[in-house]
Each structure stands twice: as structure tokens, then as C-alpha cells.
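Chemist: Just dropping this structure here.
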Amino acid sequence: MMTSTEIILFADPVLDATQSTIAKDLRLNLKRILHESSLTVEEGHLALMALATAVEYGALKEFAGTMLKELGFAEEQIREAAESSAIMAMLNTYYRFRYMVNKDQDYATAGLRMTSLARPALGKEKFEMLAFAISVLNGCQSCVRSHEEVLRNTGFSTEKIHDLARLASVVKALKTLTTV
């Protein structure tokens, strides 16, 4: 079995060790968050799948999918991790609108279908974790606050919450590097 670092280097020349010092920093940050942070390997790769999907980073998404399969996740769970970025894109956009106009009384009900949030295949805590990471990536203040509070109330540590935010920032930076 290849290590996650070997798979990343195989799948994506942007993360090749011969790249610039910036690419090296980002590669090392990704490796540390996935393997040396408070997140479990499973949590890190689930979040990576959602984040890579959100930024349309195919090689990183493929890597996350390969790792999740090796970790024993079912196809339905892997798909849900990827698709969580879509439902959160909708919600983050809507709730950023509400925050910007600052007239909650005028827009009290979202009126958007969200039944997928009721019984996620990954379980509520993991789905909340993904919702938080995507909300950080998408910059939705009200969603970040809401999901952070839910995670804290379920016993999710502040270290894990911080590591999810750091992972979101690294994935966004890596995607940006692919456009240079």
C-alpha cells in the first residue's frame, strides 16, 4: 500500500517535491494536517474529499477517494463527503446573503430543501465536521459560527475544529497554486 504522500506525489505534479519553496510548504502543511494533527486519518480524508470537491481539485479529490476506499468507507459515504460541498455551497451562499443584508426578519425562512441533512450516511457529527470545513472555505460567517457551536456541543475538540480550518486553508492554497 502506498502512503498518502506517495499517492499525492504520484497523482499531482503540483505537489512534486522538486517544486518551489511555497509548494513545499503547502505539501508539508497538508501532510502534517492529515497525519500529525488532532484529526483522525478518517476525519482528515473525509474533509479533504469535501474540500477538494469544493475547489474542483481533481487530483486531490481522486487521492482522497482512494484513501477513503482503503480506509473502508462505502461508496455512498464517499459520495456524500464529496456532495456535502454542493449542499454547503447552496447554504453558504444563501446565509452569506442573509448576513450581508442584515434583515433576518424579512428572510426568516430559507425555503430551500435540505432533507439530506436529516440522516446523513456519515452520521451527524461527521457531516457537521464537513459542513464546518466547507463553510470556512466558502467564508460564510454565520455558517462557520453555527457549525462550530454544534461541533463543540457534541464534544468535538477545539484542536480538531482548528485543524479543519487549517485544512480548508491549505486546500484552497493548493488549488490556487495549480493556477500559477
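Chemist: Just a yes or no: is a residue in the stretch 100-120 surrounded by 14 or more Cβ atoms within 10 Å (Cβ to Cβ), aliphatic (A, V, I, L, M) and under 24 Å from Leu48 (Cβ atoms)?
Modeler: Here is the first cut: in the stretch 100-120, the residues surrounded by 14 or more Cβ atoms within 10 Å (Cβ to Cβ) are 116-117, 120.
Then drop every residue that is not aliphatic (A, V, I, L, M), which leaves 117.
Add one more test, that the residue is under 24 Å from Leu48 (Cβ atoms), and what stays is 117.
The answer is yes; a qualifying residue exists.
Chemist: Shifting gears a bit: Determine the pairs where a residue that is more than 12 Å from Ser84 (Cα to Cα), located within the stretch 115-126, has a partner that is among the polar types (S, T, N, Q) and at pLDDT 75 or above with Cβ atoms under 6 Å apart, the partner being 6 or more residues away or on another chain.
Modeler: So the pair list comes out as Glu125/Thr154.
Chemist: Cβ-Cβ below 8 Å, separation at least six or inter-chain, first residue in the stretch 50-71 and in contact (Cβ under 8 Å) with a residue 60 or more places away in the chain and on the phi < 0 side of the Ramachandran plot, second surrounded by fewer than 22 Cβ atoms within 10 Å (Cβ to Cβ) and assigned to a loop (DSSP other than H, G, I, E, B): which pairs?
Modeler: The qualifying pairs are Tyr57/Thr178; Leu60/Asp12; Glu70/Met1.
Chemist: Only one residue in Ala168, Ala173 is in contact with a helix residue (DSSP H, G or I) (Cβ under 8 Å, 6 or more places away or on another chain), over 18 Å from Glu42 (Cβ atoms) and small (Gly, Ala, Ser). Which one? Walk me through it before giving the result.
Modeler: Details: Ala168 fails: over 18 Å from Glu42 (Cβ atoms).
Sole residue among the options that is in contact with a helix residue (DSSP H, G or I) (Cβ under 8 Å, 6 or more places away or on another chain), over 18 Å from Glu42 (Cβ atoms) and small (Gly, Ala, Ser): Ala173.
Chemist: Continuing with this model, one more query. Quick check: is even one residue across the stretch 114-127 polar (S, T, N, Q) and either at pLDDT below 95 or touching a Pro at 6+ places or on another chain (Cβ under 8 Å) (or both)?
Modeler: So in the stretch 114-127, the residues polar (S, T, N, Q) come out as 115-116.
Add one more test, that the residue is either at pLDDT below 95 or touching a Pro at 6+ places or on another chain (Cβ under 8 Å) (or both), and what stays is 115-116.
So far as the stretch 114-127 goes, yes, one or more of its residues are polar (S, T, N, Q) and either at pLDDT below 95 or touching a Pro at 6+ places or on another chain (Cβ under 8 Å) (or both).
Chemist: Please state which of the following conditions Arg119 fails to meet, knowing it meets all the rest: (1) assigned to a helix (DSSP H, G or I); (2) closer than 21 Å to Leu68 by Cα.
Modeler: Going through (1) assigned to a helix (DSSP H, G or I); (2) closer than 21 Å to Leu68 by Cα one by one, Arg119 breaks only (1).
Chemist: Another one. Under 30 Å from Arg27 (Cα atoms), assigned to a loop (DSSP other than H, G, I, E, B) and touching a residue at least 24 places away in the same chain (Cβ under 8 Å): does that describe Leu174?
Modeler: Numbers: under 30 Å from Arg27 (Cα atoms): yes; assigned to a loop (DSSP other than H, G, I, E, B): no; touching a residue at least 24 places away in the same chain (Cβ under 8 Å): yes.
Taking the combined requirement at face value, the residue does not satisfy it.
Chemist: Taking the conditions exactly as written (buried (at least 23 other Cβ atoms within 10 Å of the Cβ) and either under 13 Å from the mean Cα position of the chain (by Cα) or over 18 Å from Leu117 (Cβ atoms) (or both)), does Leu68 satisfy them or not? Walk me through it before giving the result.
Modeler: Values: buried (at least 23 other Cβ atoms within 10 Å of the Cβ): no; either under 13 Å from the mean Cα position of the chain (by Cα) or over 18 Å from Leu117 (Cβ atoms) (or both): yes.
Considered against the rule, which asks whether it is buried (at least 23 other Cβ atoms within 10 Å of the Cβ) and either under 13 Å from the mean Cα position of the chain (by Cα) or over 18 Å from Leu117 (Cβ atoms) (or both), Leu68 comes out as no.
Chemist: If you don't mind, another one. Conditions first: (1) assigned to a helix (DSSP H, G or I); (2) over 18 Å from Leu39 (Cβ atoms); (3) touching a Leu at 6+ places or on another chain (Cβ under 8 Å). Leu112 passes all but one, so which condition is the exception?
Modeler: Status for Leu112: all satisfied but (1).
Yes/no per residue for (1) touching a Lys or Arg at 6+ places or on another chain (Cβ under 9 Å); (2) more than 25 Å from Thr178 (Cα to Cα); (3) among the aromatic types (Phe, Trp, Tyr):
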position	(1), (2), (3)
Ala52	yes, no, no
Phe63	no, no, yes
Ser85	no, no, no
Gln105	no, yes, no
Pro120	yes, yes, no
Lys124	no, yes, no
Leu137	yes, no, no
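Chemist: Restrict the check to the stretch 128-138 and report whether at least one residue is surrounded by 12 or more Cβ atoms within 10 Å (Cβ to Cβ), among the small types (Gly, Ala, Ser) and in contact with an Asp or Glu (Cβ under 7 Å, 6 or more places away or on another chain).
Modeler: Just the residues of the stretch 128-138 that are surrounded by 12 or more Cβ atoms within 10 Å (Cβ to Cβ), to begin with: 128-138.
Retained after the next criterion (residues that are among the small types (Gly, Ala, Ser)): 131, 133, 135.
Narrowing the set further to residues that are in contact with an Asp or Glu (Cβ under 7 Å, 6 or more places away or on another chain) leaves none.
No: the stretch 128-138 contains no residue that is surrounded by 12 or more Cβ atoms within 10 Å (Cβ to Cβ), among the small types (Gly, Ala, Ser) and in contact with an Asp or Glu (Cβ under 7 Å, 6 or more places away or on another chain).
Chemist: Moving on. Condition test on Thr109, is it in contact (Cβ under 8 Å) with a residue 40 or more places away in the chain and farther than 28 Å from Thr40 by Cβ? Don't jump to the end; show me each part of the working.
Modeler: Details: in contact (Cβ under 8 Å) with a residue 40 or more places away in the chain: no; farther than 28 Å from Thr40 by Cβ: yes.
It is false that Thr109 is in contact (Cβ under 8 Å) with a residue 40 or more places away in the chain and farther than 28 Å from Thr40 by Cβ.
Chemist: Check Met100 against each of (1) part of a helix (DSSP H, G or I); (2) within 24 Å of Glu76 (Cβ to Cβ); (3) at pLDDT below 90 and name the one condition it does not meet.
Modeler: (2)
The values are calculated or read from the model by the stated rules, or taken from the named source; none is laboratory data. Computed from a prediction, not measured in an experiment: that's the story for all the values here. Counting neighbours? That spans all protein chains shown, and the Cβs are built from the backbone with ideal geometry, glycine included.
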